[in-house]
Amino acid sequence: MNTDTDINSTIKGIQNRLKLLEDKQALYELLDEYCKAPDRRDFEGHANTYAAPMDNNNMAHGGPFKIDGDTATGSSYLIMVIIRDGQKRTDTLWQGGPYEWTFVRTESGWHIQTMKLQATWMNRDDPLGVFSTAMKG
């Protein structure tokens, strides 16, 4: 027969697992917003995904998260398509590679603290050299 202590312990365990799932979902939603805001030309919304200002122009998908209190780490994979204004579709530049992330929870929720991109491939030369800097690691 379960005692009150056993029941309380079970409830606490369920609460901890639920909190972990909620945090992971919040991180997936954060990276989803990171990817979609620039497509909507919502650069303020994109900037709000960060804990502090940071320059970037990349998109990421997927990735597991490891949560430790109010900090977390994760990885995902970049697939970026660059189409400049007036550019022919045949001149589109594709680039990909892994991201490594750190996150911090603030009063307003989860935010990106750091990101490291290692672009490992490109479909063609980057004539302006704008995106090939990520290839150098």
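Laboratory data are not the source of any read-out in this text; all were calculated from the coordinates shown. What you are looking at is a predicted structure, and each value in this text was computed from that prediction instead of being measured. We place every Cβ from the backbone using ideal geometry, glycine too, and count neighbours over all the protein chains shown.
Per-structure values
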item: Failed criterion for Ser9 (all others in (1) over 20 Å from Gly109 (Cα atoms); (2) in contact with a strand residue (DSSP E or B) (Cβ under 6 Å, 6 or more places away or on another chain) hold); result: (2)
item: Cross-chain or 6+ apart pairs with Cβ under 6 Å, segment 26-52 first and touching a residue at least 24 places away in the same chain (Cβ under 8 Å) and closer than 27 Å to Gly69 by Cβ, then part of a helix (DSSP H, G or I) and of a type outside the set (Phe, Trp, Tyr); result: Thr49/Leu30; Thr49/Glu33
